[in-house]
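Take a look at the structure below.
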Amino acid sequence: MSVRSSSSAAPGRTGARRAADRPAALGRTVAAAGAGLVLALLVLVVVRLPWAGDLGMHAATVQRLRHGPLDPGNPLVDADTPSPYYSPWMLLLGAVARLSGLSVFVVLRLAAAAGLALLVTGVWRYVRTLSAHRAAPALALLSLLLLWGTTPFLWSGFPGLHSLALTVSYPSTFTLGLAFHLWAWLTGALRRGAGWPEWLGLGVLWGVILLCHQFSGVVATAGAVATVLAARRPGRAVWPRLGAGVLVGAVVLWVWPYYDFFALFGAGGGLERVHRVLYGHPAARFGLVLLGVAALVPRGWRDRRDPLVLFFALGVVVVGAGWLSGHYSWGRALPAVVIPAQLAVVLEAVGAGRRWLRAGWTVLLAGGLLVGGWAQAGTLGYVVPRGALPAAVEDRYRPPWTGYHWITPWVRYGDVVMAEGRSARQIPAYGAYTVAPGYPDFFLADEERRGAATRAYFEERTPSSVRRGIEREYGVRWVVDGSGALGDAGLREVARGPEGQVLYAVP
């Protein structure tokens, strides 16, 4: 009789378990579908490759490495200086462009695809070290892309959906993907007691990350330090191997021939002015991240050595120190604050102890993702015709730049073009140089003098004799002007472009 009772109870328990599993399975399906749709949108953006921000700098870097891989010179101006943009990743892209004959913009599309793939797989691997829940990686991707604020914040190294749409081809995306892989690899090495070769490989990867994008390298380092501090009884053998890995990484930084990594610690001035904006409007840009900050509280209560809690604390220290000291470029470490919080709320939603707690976190996470997705809905404008977008979405769309293909029938590789503002940030992408760099350049000793010469050239009251002297000093062959101030400056009009811009030939 007891046997009959046991056999009759088993189907009931199995049915209850299946019923309990249905919501979890539905949640996994919804999370996977949502992540798939967002990633499909980003793939379409890669095909379009909208231009805004620093794309011109990275295209110019590939141009120089394509034409002169051993001695590329300054990427923006005709000067023989090193540049921190000449990283291992950009050297590889330059080699691809040189060997394949593909255009720089096609190569940057390939870079975008590779960077996106590396970021997705890196997030997947790292989240797997934090949770075995099958929905956690997909939810983590959605959280990293959407859980930011009510106003999209566009900056390289900040993987919000709208920001990533404009920076997916940048080295920062590739580097952040490497960082996630570093954290996953490091976590595994600590858990399984890895040998010397693996630790030395981790050191090489750490050095490459810092060379490829220094700011994302700081984020990667903070995450790695948090991972080590959170390790449980790593064993005595780990510490000498860890030290050897750090030493190998430092050697990689020291021997890299294209620029002096350690000289960057002396950068400041214009760099700090540019980055002060990072500390503005925190509620609008990062307000939804407060959900993750709240999720870090119970994690820290349960385990003071929780890796995400330590990661968040290190990020707060760096970013806070930048604000207090006036080193606003340290604000580029903000992803070290945001990323652990974004992951924490996901882990609470899938792994909090009681069912009602998980349900509460799930509702909060879903609401945050919906609000964040609506805030970044303007990303659709990069793949959908603007006329097909609802007015409310179109208002959130930021039109990309048009570029300077229209000057290429006349301006050749290596020609010097006098330009200012946005023009100076885009023209080097096509192989030409400008007189003043469109971006702060720590290694260019006469940067201020070049900037002063450019301002004087476009000043309406500047005598023609002064302009001719500037042209001779810097070897200027062409001038691009959109202000109309040079109509009678003794230049020959060659072509007209969008937004009233004119290409002039220097006599």
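The values are calculated or read from the model by the stated rules, or taken from the named source; none is laboratory data. Note that the structure is a prediction, hence the values are computed from the model and not measured. Cβ placement follows ideal geometry from the backbone for every residue including glycine, while neighbour counts extend to all protein chains displayed. Calculation scope for accessible area: heavy atoms of the full protein, side chains included, ligands and nucleic acids excluded. Shrake-Rupley method; radii C 1.70, N 1.55, O 1.52, S 1.80 Å.
For the chain, take the longest principal axis of its alpha carbons; what is the angle in degrees between that and the long axis of helix 447-458, to the nearest 10 within 0 to 90?
The angle comes out near 60 degrees.
I'd like to check one number: the per residue accessible area of region 102-203, probe 1.4 Å, reported in Å² as a whole number.
29 Å²
Taking the Cα of Leu200, stepping 7 Å toward and past its beta carbon, and measuring to each backbone N in region 232-253: which are under 19 Å?
Within reach of a label on Leu200, which here means backbone N under 19 Å from a point 7 Å along Cα→Cβ, region 232-253 contributes 237-253.
With angles folded into 0 to 90 degrees, how steeply does helix 464-474 sit against the dominant principal axis of the chain? Use alpha carbons for both and round to 10.
Rounded to the nearest ten degrees, it is 60.
Just for the chain, what percent of DSSP beta bridges are antiparallel, to the closest 5?
Percent antiparallel among DSSP bridges in the chain is about 60.
Give me the angle, in degrees from 0 to 90, between the Cα long axis of helix 55-67 and the longest principal axis of the Cα atoms of the chain, rounded to the nearest 10.
70 degrees
Beyond 17 Å, what share of the Cα-Cα pairs of region 408-467 is found? Please give it as a whole percent.
43 percent
Tell me, Kirkwood radius of the chain from alpha-carbon pair distances, in Å?
Kirkwood radius, the chain: 24.9 Å.
Report the Rg/Rh value for region 45-135, based on alpha-carbon coordinates and the Kirkwood definition of Rh.
1.11
Output needed for region 59-105: three equivalent-ellipsoid semi-axes, defined as square roots of 5 times the C-alpha gyration tensor eigenvalues, in descending order, whole Å.
The three semi-axes for region 59-105 are 17, 10, 9 Å.
In whole angstrom, note down how far apart the Cα centers of region 238-308 and region 146-193 are.
Cα centroid of region 238-308 versus Cα centroid of region 146-193: 12 Å apart.
Label points 7 Å out from Cα along the Cβ direction at Asp71 and Arg232: separation in nm?
Distance between label points: 5.8 nm.
Determine the sum of side-chain charges near Ala95: Lys and Arg each +1, Asp and Glu each -1, restricted to other residues whose C-beta is under 13 angstrom from that of Ala95.
+3
How much length is gained if the chain between Ala25 and Ala244 is pulled fully straight, taking 0.36 nm per residue apart and subtracting their Cα-Cα distance, in nm to one decimal?
Gain on extension, Ala25 to Ala244, equals 74.4 nm.
Rounded to the nearest 0.05, what FRET efficiency do Asp446 and Arg422 have when you use their Cβ-Cβ distance and R0 = 30 Å?
The computed FRET efficiency comes out at 0.85.
Tell me, what are the semi-axes, in whole angstrom and largest first, of the equivalent ellipsoid of region 316-455 as set by the roots of 5 times the Cα gyration tensor eigenvalues?
Ellipsoid half-lengths, sorted descending, are 43, 26, 11 Å.
Please report, for the Cα atoms of region 434-507, the Rg to one decimal and the Dmax as a whole number; what are they, in angstrom?
Looking at region 434-507, its Cα Rg and Dmax stand at 12.6, 36 Å.
Report the rotationally averaged projected area of region 318-373 based on its alpha-carbon convex hull, in square nanometres.
4.8 nm²
For region 279-352, what is Rg from Cα atoms divided by 2.2 N^0.38 Å, rounded to two decimals?
Here the Cα radius of gyration is 1.12 times the empirical estimate.
Cβ under 14 Å from Phe215's Cβ, Phe215 left aside: what net charge do those residues give with Lys, Arg +1 and Asp, Glu -1?
Every neighbour counted, the sum reads -1.
Please sort by residue number the chymotrypsin sites (Phe, Trp or Tyr not before Pro) in region 329-431 whose DSSP state is loop and whose Cβ has at most 16 other Cβ atoms within 10 Å.
Those satisfying the criteria are Trp401, Trp410, Tyr413.
Using 0.36 nm per residue, how much length does the chain from Arg302 to Ser103 gain when fully extended, once their Cα-Cα distance is taken away?
So the extension gain works out to 66.3 nm.
Starting from 0.36 nm per residue, how many nanometres of slack lie between Val494 and Ala113 once their C-alpha separation is accounted for?
Fully extending the segment from Val494 to Ala113 adds 133.4 nm.
What does the net charge come to around Leu357 if you take all other residues with beta carbon closer than 15 Å to its beta carbon, with K and R at +1 and D and E at -1?
+4
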